[in-house]
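Below is one structure; the comments refer to it alone.
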Amino acid sequence: MKLELNFRVRLMLAMMLLIVVVTGATVYIAGNNLRANQDRTLEQQFHTQVRSFIALQEARSNAIAEKCRALSHSVRLRAALEEHDVEDLYRNALSELLSVLEAPAEPGDETNPTLASFFRFFDAKGELLTTREPAAGGVGDSFLENALVETGRALTGVNDQSIGFIAVGTGDRPQSLRAIVATKIRDWNGRSLGTLVLGFSPSEMRLSNGSAGSEIKNGIWLGDRFYIEGLSASDRHVVAHHLSFDGKQRVADNVAVDLQSGPHLLFHKPLNPESELTPAYDVCLYPLAPFLHEARVLRWKIIGLGLGVLGGGLVTSLFVARNLSKPVDQLVATSAENFSRRKKAEEDLHETNRELEKALCELKATQKQVIQQERLSALGQMAAGVAHDFNNALMPILGFADVLLRNDALLSDKAEARRCLEMLRTSAKDAASVVSRLREFYRPAEADEEFPIVDLSRIIEQSVALTEPKWRGLTQARGITVSVETQFDARPIVAGDESALREVLTNLLFNAVDAMPDGGQISLQTAIADNHAVLRVRDTGTGMTETVRQRCLEPFFSTKGDRGTGLGLSMVYGIIERHHGHLDIESAVGKGTTFIIRLPLAEEAPVAVAVTDAPKADSSLNVLVVDDELRSREVLTAYLRTDNHAVATASSGREALEKFKRGRFDLVVMDRAMPEMNGEQTAQFIKKVNGDVPIILLTGFSGGVEAKGTDAIDVVLHKPITLETLRRTLNQLVYAR
C-alpha cells in the first residue's frame with residue numbers, strides 16, 4: 001500500500017509538473033503565434049503598400065517605356081548625340097516627349113505621378129548635357145543639376161533601362177526626392193551614344209492601423225539618409241542605426257526598434273533591386289503598443305486557464321494511476337518488437353545498397369566501353385572524310401598526269417602542257433593544304449585569323465578547270481553529258497584562303513555531278529549585293545527533300561550510303577563560317593539545288609603583282625642532303641642542281657656525320673624524322689664539328705612542330721616545299737650573311 005501511495009504521489013507530482021510545463025509552453029507558443037500574426041499582418045500591409053508603389057512605378061515605366069525606346073531609336077537624336085549638338089538634341093526630344101511631360105502646376109494642384117517633371121540627356125561617358133530649354137524642366141535648379149551630375153557616374157553601367165531615385169533638395173521630406181527612369185540610347189551597331197533620364201515626383205504612401213495616434217509612418221532610405229515626415233531627430237538616429245547597409249544591396253527584412261513614442265516594428269524593402277543606380281528602400285514604422293496590450297491580456301487568460309487545468313489534474317491523477325501500469329507493460333513489449341523489426345530493416349537496406357553499388361560499377365564499365373566504341377566510330381568517319389577531301393585534290397593530279405602521259409601531241413603544245421602542269425602544281429598545293437588543316441581537329445583555329453585578298457572569279461575558273469576530269473571526262477565515259485557554265489555579273493574581291501575556297505567549290509561541283517545521274521547543267525554565277533560577294537552554284541539534278549535540306553550540313557550525314565562520308569558539306573559550311581560568310585540552300589525534289597554563298601567584300605582590291613620565281617644564287621654551294629626517303633632526296637637534289645649547286649646525299653644521321661667530317665659543306669638540309677638518330681640530334685653533332693654551317697630542318701608533321709630544346713637548327717620548313725621556297729630560304733640564310 002505504501003509503494004502504491006508513493007507511486008501515486010510521484011504520478012501526481014509528475015502530472016502537476018506536466019501541466020505547468022504545458023501551461024508555460026502554451027503561453028510561450030500563444031505569444032509567439034500572436035507576434036507571428038502581428039508580423040504577418042504588418043508585413044502584408046507593408047508589401048501591399050510596396051506593391052502599390054511598385055505598381056505606380058510599373059505604370060509609369062509602361063507609360064513611357066515604348067516612348068523612350070522609340071525615342072532612343074530616333075535618327076535625329078542619335079545624330080545630335082553623335083555630333084554633340086545639345087540644343088538640337090533637346091528640341092527634337094521635346095516634340096517626342098510632350099505626351100509624358102506634365103504641364104507646369106498651378107498652386108494647389110496635385111501633380112500626376114505618371115507624368116515626368118523633367119528630362120535630361122547624358123553622353124556615353126556619363127557627362128550631363130545641360131540645356132537652357134525651359135520645357136526640359138528644372139532648368140537652373142542647382143540641386144537638381146548637382147544630383148544629376150552625381151547620377152551620371154553610375155549611368156555607364158545601365159544596360160537598357162533602369163529605375164532609381166535622386167535628392168533634389170536639402171530637406172528630409174519625401175518631396176525632396178525624385179524618381180528617375182534612365183534609358184540607354186544606342187546606334188545601329190549597339191554602341192552606346194548616351195542616356196535619356198526622365199524625372200518624376202514621388203507618390204504619397206500612408207496607411208493607418210485604425211488606432212488614434214498610431215499612424216504608420218512611411219519614408220524612403222536613400223544614400224545613408226532617411227526621407228520621412230513627422231519623426232524627431234533622436235528617432236531618426238535610431239532608425240538610421242538599423243538601416244546602415246554598408247553600401248550593400250539587401251532583401252526585405254524587419255526589426256523592432258524603440259522610439260520616443262513607444263516600440264515600433266521597422267520594415268524595409270528595396271525599391272530598385274535590379275538597378276545599377278543608388279539603392280533605395282521603402283521603410284515603414286508600425287507602432288506596437290496596441291499589439292503589446294493584446295499580448296498581455298492573452299497571457300493572463302492562458303495562465304488562468306492553466307491554473308484551472310492544474311486543479312482538475314490533481315483529482316484526475318488519483319483515478320489514472322490505478323490503470324496506468326498495464327498499458328506501460330504493453331508499450332515495453334511493443335517497443336522490443338519494433339526494435340527487432342528496425343534492425344532487420346537496416347540489414348536489408350545495407351544489402352540493397354551493396355547490390356546497387358555493384359550495379360553502378362557495372363554500369364560505369366559499360367558506359368566506358370560505349371564511349372570508347374563511339375570514339376573509334378567517329379575516328380573512322382573522320383578518316384573517311386579526310387580521304388574524301390584528299391581524293392578530291394588527287395583527282396585533277398591523276399587526270400592531268402594521265403592526259404600528259406597518254407597524249408604525246410599535247411606535250412608538243414608548250415602552252416597547253418604548261419597549263420596542265422600548273423593545274424598539277426595547284427592541286428598538289430591544295431592536297432598539302434588539306435593535310436595542314438588536319439591540325440584543326442586537335443588545335444582550334446585562331447579567332448582573329450587574317451586572310452589574303454583574292455579574286456573570287458579567278459578561283460571559280462581554277463576550280464572549274466581542276467574538276468574538269470570528273471564532270472567532263474568521267475561523265476562522258478558513262479555516256480552522259482554534264483556542262484558547266486560560268487556567269488560573272490561582277491568580279492568580287494574577297495579576303496580568303498585560296499585553297500580553302502577552291503575546296504568549297506570542288507565539293508559543291510562534285511556533289512552537283514553526283515546529283516545528276518542522267519546528266520545536266522551546272523552554273524556558277526557571281527554578283528555583288530549589300531557589300532557582300534554572292535556566289536550561286538546551281539544544278540539541274542534530283543534535288544533534296546526538306547528533311548534532307550535541313551540536315552545536309554550535319555557532320556557524317558549522307559544520302560550516298562557507302563559512297564559518301566557525310567563530311568563534304570559540313571567542311572564547306574565550316575570554311576564559309578571561318579571566312580565570316582553565310583551559306584543558304586534552296587532545293588526542291590526534281591528541280592535541282594542552288595547553294596548561295598555570301599562572303600564579305602574585301603576593303604581593298606589586290607595589287608596586281610607578277611608572279612616571279614625567287615632569284616637564283618650568284619654562286620654555287622656544296623650542300624649535304626639528309627633524308628631516309630629516296631624520293632625526297634631526289635626532289636631536293638633536283639631542286640639544288642637546278643641552281644648549279646653541288647649535292648651530296650645521306651640516308652641516315654650516322655652517314656651524314658661521316659660525310660660531313662670527311663668533306664666540306666656550305667649548307668645542310670635534313671629531314672626531322674629519321675631512324676636511329678633524328679634530325680635534331682644529327683644537327684647538334686654537326687654544329688659541334690662546325691658551328692658556322694647553317695642547317696635547314698624539314699618536317700612532314702602538320703602545324704606547330706618546332707625543334708625541341710636546341711639552337712642547332714637555323715630554319716624549320718614544312719613539307720612539301722617548292723623550289724621558290726628553297727631559293728628564298730637560301731637567299732635569306734646563306735647569301736644574306
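For the range 428-450, check the following and say yes or no: at least one residue is at pLDDT 80 or above and closer than 29 Å to A533 by Cβ.
Looking through the range 428-450, none of the residues is at pLDDT 80 or above and closer than 29 Å to A533 by Cβ.
Out of the residues in the range 597-629 that are in a loop (DSSP other than H, G, I, E, B) and modelled with pLDDT of 85 or more, which is farthest from T725 (Cα to Cα)? Give the derivation first.
Within the range 597-629, the subset in a loop (DSSP other than H, G, I, E, B) is 602-621, 627-629.
Remaining after also requiring modelled with pLDDT of 85 or more: 602, 620-621, 627-629.
Values: A602: 27, S620: 17, L621: 17, D627: 18, D628: 21, E629: 20 Å.
Across the range 597-629, the extreme among qualifying residues is A602.
I'm checking my understanding of the structure. Among residues of the range 266-276 that are modelled with pLDDT under 80 and among the hydrophobic types (A, V, I, L, M, F, W, C), which one is nearest to P174 (Cα to Cα)?
Result: L271.
Only residues in the range 489-510 that are under 11 Å from T467 (Cβ atoms) count as the first member; pair them with residues that are not β-branched (V, I, T) and not in a helix (DSSP H, G or I), Cβ under 8 angstrom, at least 6 apart or cross-chain, and list the lot.
Note: pairs meeting the criteria are L505/L524; L508/F595.
Within the range 586-600, can you find the residues that are surrounded by fewer than 18 Cβ atoms within 10 Å (Cβ to Cβ), of a type in the set (A, V, I, L, M) and more than 12 Å from A515 (Cβ to Cβ)?
Passing the criteria: A588, I596.
Please go through the range 537-552 and pick out each residue that is surrounded by 17 or more Cβ atoms within 10 Å (Cβ to Cβ) and either at negative phi or outside any loop (DSSP other than H, G, I, E, B) (or both). Step through it out loud before you land on a result.
Of the range 537-552, the ones surrounded by 17 or more Cβ atoms within 10 Å (Cβ to Cβ) are 537-544, 552.
Passing the criteria: V537, R538, D539, T540, G541, T542, M544, C552.
In the range 270-305, what count of residues is obtained for those that are among the hydrophobic types (A, V, I, L, M, F, W, C), farther than 19 Å from S244 by Cβ and part of a strand (DSSP E or B)? Walk me through how you get there before you give the answer.
To start, the set of residues in the range 270-305 that are among the hydrophobic types (A, V, I, L, M, F, W, C) comprises 271, 277, 280, 283-285, 288-289, 291-292, 295, 297-298, 300, 302-303, 305.
If we keep only those that are farther than 19 Å from S244 by Cβ too, we end up with 277, 288-289, 291-292, 295, 297-298, 300, 302-303, 305.
Applying the additional criterion that residues be part of a strand (DSSP E or B) yields none.
Residues meeting the conditions: 0.
A quick yes/no check of all residues on (1) free of Cβ contacts under 8 Å to residues at least 12 places away in the same chain; (2) within 26 Å of R236 (Cα to Cα); (3) touching a Phe, Trp or Tyr at 6+ places or on another chain (Cβ under 9 Å):
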{"position": "D123", "(1), (2), (3)": "no, no, no"}
{"position": "G137", "(1), (2), (3)": "no, no, yes"}
{"position": "R153", "(1), (2), (3)": "no, no, no"}
{"position": "G164", "(1), (2), (3)": "no, yes, no"}
{"position": "A167", "(1), (2), (3)": "no, yes, yes"}
{"position": "D172", "(1), (2), (3)": "no, yes, yes"}
{"position": "A182", "(1), (2), (3)": "no, no, yes"}
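Of all residues in the range 212-260, which are exposed (fewer than 11 other Cβ atoms within 10 Å of the Cβ) and either charged (D, E, K, R) or modelled with pLDDT under 75 (or both)?
Those that are exposed (fewer than 11 other Cβ atoms within 10 Å of the Cβ) and either charged (D, E, K, R) or modelled with pLDDT under 75 (or both): A212, G213, S244, D246, G247, K248, V251.
Mind listing whichever residues of the range 575-596 are assigned to a loop (DSSP other than H, G, I, E, B) and closer than 23 Å to E461 by Cβ?
H579, G581
Residues in the range 164-176 that are buried (at least 22 other Cβ atoms within 10 Å of the Cβ) and out of contact with any Leu (no Cβ under 6 Å at 6 or more places or on another chain): how many?
1
So, of the residues in the range 641-669 that are in a loop (DSSP other than H, G, I, E, B) and polar (S, T, N, Q), which turns out to be farthest from T682 (Cα to Cα)? Lay out the reasoning, then the answer.
Step one: filter the range 641-669 for residues in a loop (DSSP other than H, G, I, E, B), giving 643-645, 651-652, 663-666.
With the extra rule that they be polar (S, T, N, Q), the set shrinks to 644, 651-652.
On the way: N644: 26, S651: 12, S652: 9 Å.
Among those that are in a loop (DSSP other than H, G, I, E, B) and polar (S, T, N, Q), it is N644.
Please specify each residue of the range 658-671 satisfying the condition of being buried (at least 18 other Cβ atoms within 10 Å of the Cβ) and either aliphatic (A, V, I, L, M) or free of Cβ contacts under 8 Å to residues at least 40 places away in the same chain (or both).
F660, L667, V668, V669, M670 - these are the residues of the range 658-671 that are buried (at least 18 other Cβ atoms within 10 Å of the Cβ) and either aliphatic (A, V, I, L, M) or free of Cβ contacts under 8 Å to residues at least 40 places away in the same chain (or both).
Can V572 be described as crowded, with 20+ Cβ neighbours inside 10 Å, outside any strand (DSSP E or B) and in contact with a Lys or Arg (Cβ under 8 Å, 6 or more places away or on another chain)?
Numbers: crowded, with 20+ Cβ neighbours inside 10 Å: yes; outside any strand (DSSP E or B): yes; in contact with a Lys or Arg (Cβ under 8 Å, 6 or more places away or on another chain): no.
When the stated conditions are applied, V572 does not pass them.
Answer yes or no: is there a residue in the range 131-149 that is among the aromatic types (F, W, Y), closer than 17 Å to T278 by Cβ and either in contact with a His (Cβ under 6 Å, 6 or more places away or on another chain) or surrounded by 19 or more Cβ atoms within 10 Å (Cβ to Cβ) (or both). Spell out the reasoning first.
We begin by selecting, within the range 131-149, every residue among the aromatic types (F, W, Y); these are 143.
Then drop every residue that is not closer than 17 Å to T278 by Cβ, which leaves 143.
Retained after the next criterion (residues that are either in contact with a His (Cβ under 6 Å, 6 or more places away or on another chain) or surrounded by 19 or more Cβ atoms within 10 Å (Cβ to Cβ) (or both)): none.
No, that holds for no residue.
The values are calculated or read from the model by the stated rules, or taken from the named source; none is laboratory data. Given the structure is predicted, the values throughout are model-derived calculations rather than measurements. Glycine also receives a Cβ, built like all others from the backbone with ideal geometry; neighbour counts cover every protein chain displayed.
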